[in-house]
Amino acid sequence: MNLSLGFPDFSKELAVAPRESLDAVVSYFRAAHKEPDSAVRAIHHQPASEGEFADMPAAVDARLRAALEMRGIERLYTHQADAFDQIQAGKHVVIVTPTASGKTLCYNLPVLNLLLNDDGARAMYLFPTKALAEDQLHEFQGAVEQMGSEIRAFTYDGDTPQDARRAIRSRANVVLTNPDMLHSGILPHHTRWARYFENLRYIVIDELHYYRGVYGSHLANLLRRLRRICEFYNSKPQFICCSATIANPRELAEALTGEPFELVERNGAPRGEKFFIFYNPPVVNRQLGIRRSYIAETRRMALKFIENNLQTLVFANNRLATEILVTYLKDACDKGPIPSDTVRGYRGGYLPRERREIEQSLRAGKIRAVVATNALELGIDIGSLDAVVMAGYPGTIASSWQRAGRAGRRQTTSAAVMVASSAPLDQYIVEHPDYFFGRSPEHAYINPENLEIFLAHVKCAAFELPLRDDEKFGRHDLAEICRFLEESGFLHHSANAWHWTSDTYPADATSLRSVTSDNFVVIDITGEAKVIAEVSFPTALTTLHEKAIYLHEARQFHVERFDYDERKAYVKSVDCDYYTDAIDYTQVKVLEEFEGDALNGARRLHGDVRVTRQIVGFKKIKFYTNENVGAGKLNMPEQEMHTTAFWLHFPAAFLARLSEFTPTEKQSGISGLGNALRTVASLLLMCDPRDLGVALSEEIAGGLESFEPNLYLYDSYPGGIGQSAPLYRLAPELLRQTDGLLSACACEAGCPSCVGPTGETGERGKLVAARLLAELRGTVDRSVSPVNAAD
């Protein structure tokens, strides 16, 4: 029974692979799991479960009820019925149930029910991506057509033609858009949307869990602007939010919207049987802690499913890994009976038409495997997949379950395999499966009061409507900020309000997702010049520099020219056996100390810093063997940002306690300690490790023998996103768990799973890091001489 309103008819899809094929692959993993020192670290069996149903609410319009019955929906899941009742009672509601549990119907049902009885009413659907909005539009329109209704729904995003925009503004009952378009294309032009805002009754925010960190902090301020506009037009819309399972959904919804919420979290949907397998590539050099390549092992795992005629989705954590895996899988298919064109890549940077074609081919069963970044993690409908293979831990427990949930979306049996990389966080998770399977998913944190983000949205709000003297934005009075903006030439005070006077368009200067709103265009000049991709500013600096090998759909392109000023990269198609990896150099300077405290002779601190980063070179890495086959120097422009940081300061007197180590060994050990601290910090804060930068800054006080370094963990976003203050408070726990990470790692001298490989941290890097932790925690046994301790 199909319980997601508006789904197309899948009865004509390619038949699902026999259950025996999946059983054969699972049996292989079970047999491997029983072997001593098996690479299969855990097999978690999630049995199938029956659904819990409730009668269709009496308030549902007869026409809508008939359309649902035509779809085979005579009753609702309990969480769908509960959500409908709460929404009908006028409450703001957040629905939190697993992937593929029919959340779409939770908001489509009340919205359609309203619009059938009030054709002047309006609703707004917010999705994180254009692709997801497009996908949901097809579902919504399918339901509308089935009812023979005149309800009009349209997507409104950057791809919407100009001549269609006026018609949408005046005629649409439902507008499906994304935060970026709301920010730059709707709110600044609200006078053109006057009728729409006057009648806006519902705001639906799907994939709520996606709005954390920077993006969530921006969205909270964006919704402050949206509520301000609605208030101007005398409307007070109701919020309906849907999320995958996270630990604090109500808290997040309330922080984003500023409204109180009712929580619907008891899932009534049936669940298909699922096997979740943890795989840790075998160690090939125990002394150095080197494991088999996780990319090569992901290829091997994926081929087990593909060769058993199981439709497979492979997730990689970055675009480089995505393209390498596409290359490897296509090469493997070329050597066997499977056509290589049934393996495709999917990531941001592909053109929209290309992505739509891949999605449709997946649904139709024409593609055997897709390798994707998190672009396919969200709820885009791609049919019924049999297996998911993850190349590396996605960074959070919630994202891992979200990816695993992409298989078995029709309540069929499915499997998910997580192949751990050598990254410390991956190793911690794969070697502690109870931590993963027995733990509530993470909290999603935002910091809407980040000054840089807050100020950017105050500018946008002033552009949209004058700021009254007594007005608050969020919980803040605006008088001081408005005076600052007046001094900067943006505002002018007149008639008890602050008016926008600058000739700039503030929304254009603010990107909701990254440090800058600039993107680079990739132009293929092999033949006739054509645009093949678009790449974000930070990614462009590391992947499109001159002499880089840019990978796109398993094809290699050599970057001939990188035009920084025009934001363009010119590439030519080549056939080579290597790819490139950028090398960066980071410097940190303290601007202001907020707090500081002694730590057994060292100091822990927290404050404002300036981070300067520059791409200084690149390595050439050979496919399959991962050999370093060359390098090059680069002179790219420096990128500077102000942010917040937690750091440890090591005075010369403190480091003098480590007299058995040379200054170079101490430096390498501190660097290795930074790698381990970042791993544990990301677990404590429940954030992506990439949200934290690590840097070692040396304060020389009389030569190398007396250097007094700072070890920084900084927020990887201008202004900070609220992570350094908790780290300062959690410093004792951070040090304790980092000590545990090093103690539990079986390597002898350091490896990628703890402090880093010995090639980067030296032969005694792990020993120095462990000793530093003991000194910081005050657990050094002073009865043991330094020389004996080193032995």
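The values are calculated or read from the model by the stated rules, or taken from the named source; none is laboratory data. Everything quoted here is computed from the prediction, not taken from an experiment. Backbone-built Cβ (ideal geometry, glycine too); neighbour counts: all protein chains shown. For the accessible areas, the whole protein counts, side chains as well, though only heavy atoms, and no ligand, DNA or RNA atoms are used. Shrake-Rupley method; radii C 1.70, N 1.55, O 1.52, S 1.80 Å.
Loop only per DSSP, at most 15 neighbouring Cβ atoms within 10 Å: give me the GluC sites (Glu not before Pro) in the stretch 236-339, ordered by residue number. Present the calculation step by step, with values, prior to reporting the outcome.
Details: sites: Glu251, Glu254, Glu262, Glu265, Glu273, Glu297, Glu307, Glu323; in loops: Glu265, Glu273, Glu307.
Passing sites in the stretch 236-339 are Glu265.
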Quote the accessible area belonging to Thr526 in square angstrom, nearest 10, computed with a 1.4 Å probe and with ligands, DNA and RNA left uncounted. 80
At the level of C-alpha centres, the distance separating the stretch 147-190 and the stretch 286-363, in angstrom, is 36
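For Ser494 and Lys619, compute 0.36 nm times the residue count separating them, minus their Cα-Cα distance, and round to one decimal in nm. Could the numbers behind the result be given before it?
Numbers: separation 125, 0.36 × 125 = 45.00 nm, distance 5.83 nm.
Between Ser494 and Lys619, full extension yields an extra 39.2 nm.
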Once phi is turned into ³J(HN,Hα) by the Karplus curve 6.51 cos²θ - 1.76 cosθ + 1.60 with θ = phi - 60°, what whole-Hz value does each residue of the stretch 662-679 show in order, with x for glycine and proline? 6, x, 5, 5, 4, 4, 5, x, 5, 4, x, 4, x, 4, 5, 4, 4, 4
Relative contact order of the stretch 349-413, pairs being alpha-carbon contacts under 8 Å that are 6 or more residues apart, as %: 31
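Using a/c under 1.5 as the rounded threshold, could you call the stretch 562-671 rounded, prolate or oblate? The axes a ≥ b ≥ c are square roots of the C-alpha gyration tensor eigenvalues, and prolate needs a/b larger than b/c, oblate otherwise.
Working: a/c = 3.87, a/b = 1.70, b/c = 2.27.
The shape class here is oblate.
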Theoretical gain in end-to-end length, Arg567 to Arg356 [0.36 nm per residue, Cα-Cα removed]: 73.4 nm
Students often forget the sequence filter, so: which lysines lie under 16 Å Cα-Cα from Lys666 once same-chain residues fewer than 8 apart are removed? Lys766
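Asn234 to Ala509: extension gain in nm, 0.36 nm per residue of separation minus the Cα-Cα distance? Working shown, then result.
Values: separation 275, 0.36 × 275 = 99.00 nm, distance 2.93 nm.
Value of the extension gain: 96.1 nm.
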Under 5 Å, built H, 5+ apart or other chain: amide partners of Arg291: Val284
Fraction of beta bridges assigned by DSSP in the chain that are antiparallel (%, nearest 5): 60
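For every helix of n ≥ 4 consecutive DSSP H residues, a contribution of -39,500 (n - 2.57) applies; sum these over the chain, divide by its total residues, and give [θ] at 222 nm rounded to the nearest 500 deg cm²/dmol. Please list the in-between numbers first.
Working: 25 runs with 274 residues, N = 791.
Here the helix-only value at 222 nm equals -10500 deg cm²/dmol.
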Quick one: if you stick a label point 7 Å off each Cα along the C-beta vector at Glu560 and Lys34, how many nm between them? 6.0
Can you send over the carbon and sulfur percentage of the accessible area for the stretch 310-416, probe radius 1.4 Å, protein chains only? 48
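Express the relative contact order of the chain as a whole percentage, based on alpha carbon pairs under 8 Å and six or more residues apart in sequence. Walk me through the numbers before you get to the answer.
Values: 1604 pairs, mean separation 90.0, N = 791.
Result for the chain is 11 percent.
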With all protein chains in place and a 1.4 Å probe, Cys333 shows an accessible area in Å² (nearest 10) of 0
Which residues qualify? For Met390, with a placed amide H closer than 5 Å and at least 5 residues away or on another chain, they are Phe315, Val417, Met418, Val419
Rolling a 1.4 angstrom probe over the protein heavy atoms, how many square angstrom per residue are accessible across the chain? 41
Lone cysteines in the chain, defined as no other cysteine's Cβ under 4.7 Å from theirs: which are they? Cys106, Cys230, Cys241, Cys242, Cys333, Cys460, Cys482, Cys576, Cys687
Counting only protein heavy atoms with a 1.4 Å probe and every protein chain in place, the carbon and sulfur fraction of the accessible surface of the stretch 74-147 in whole percent equals 41
When DSSP beta bridges are limited to those with both residues in the stretch 254-387, what percentage is antiparallel, rounded to the nearest 5? 15
Explain nothing, just the number: relative contact order of the stretch 274-348, from Cα pairs under 8 Å at least 6 residues apart, as a whole percent. 19
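What shape does the stretch 60-181 have by the C-alpha gyration tensor, where a ≥ b ≥ c are the square roots of the eigenvalues, rounded means a/c under 1.5, and otherwise prolate means a/b greater than b/c and oblate the rest?
Numbers: a/c = 1.76, a/b = 1.40, b/c = 1.25.
Taking the square roots of the gyration eigenvalues as a ≥ b ≥ c, the stretch 60-181 is prolate.
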